[in-house]
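Asks: Structure below; questions to follow.
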Amino acid sequence: MKKINNDSFILLRGWMIEELDLKGNELIVYAVIYGFNRDGHAYQGSRQYLARWTNSTVQGVQKNLNSLVEKKLIIKKEVTVPDTMRRVL
């Protein structure tokens with residue numbers, strides 16, 4: 001399991017809570033993804049990485065991702081990588 005570096009951080013913005021009405025692990029997952037997108041890059045990390053940030057399970061993160069997609073807050077695309085399937089958000 002990949003650990004989070006001690007100097008890693010996420011930025012929670014007030015509008016994520018007030019305007020998007022996000023909370024809990026869904027808020028954390030969104031903030032991690034948003035942080036990658038702010039730099040002009042799509043999030044290409046794993047659900048396991050998001051699970052580390054939320055201190056939860058991959059299954060729990062998948063529920064968060066599904067909810068964010070349903071709310072149209074993220075767009076999920078799947079890309080085939082040799083011998084594996086990687087989710088790109």
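Only the coordinates and a few stated rules stand behind these numbers; no lab work does. All figures in this text were calculated on a predicted structure; none of them were measured in a lab. Note that we place each Cβ from the backbone using ideal geometry, even for glycine, and neighbour counts take in every protein chain shown.
Asks: Give me the distance in nm between label points sitting 7 Å out from Cα along the Cα-to-Cβ direction at ARG13 and LYS72, one decimal.
Replies: 1.9
Asks: If you don't mind, there's one more thing I want to ask. Cα atoms only: what Rg and Dmax, in Å, come out for the stretch 21-71?
Replies: Expressed in Å, the Cα Rg and Dmax of the stretch 21-71 come to 10.2, 28.
Asks: Okay, moving on. Kindly provide the GluC sites (Glu not before Pro) of the stretch 1-53 that DSSP labels as loop, not H, G, I, E or B, and whose Cβ sees at most 10 other Cβ atoms within 10 Å. All intermediate terms of the calculation are to be shown ahead of the outcome.
Replies: Details: sites: GLU18, GLU19, GLU26; in loops: GLU19.
Hits after loop and neighbour filter: GLU19.
Asks: Karplus couplings for the stretch 28-38 from phi (6.51 cos²θ - 1.76 cosθ + 1.60, θ = phi - 60°), rounded to Hz, Gly and Pro as x?
Replies: Here the 3J(HN,Hα) series is 5, 4, 4, 5, 4, 4, 4, x, 6, 6, 4 Hz.
Asks: Would you calculate the separation in nanometres between label points at ILE4 and ALA42, each defined as 7 Å from the Cα along the Cα-to-beta-carbon direction?
Replies: 2.5
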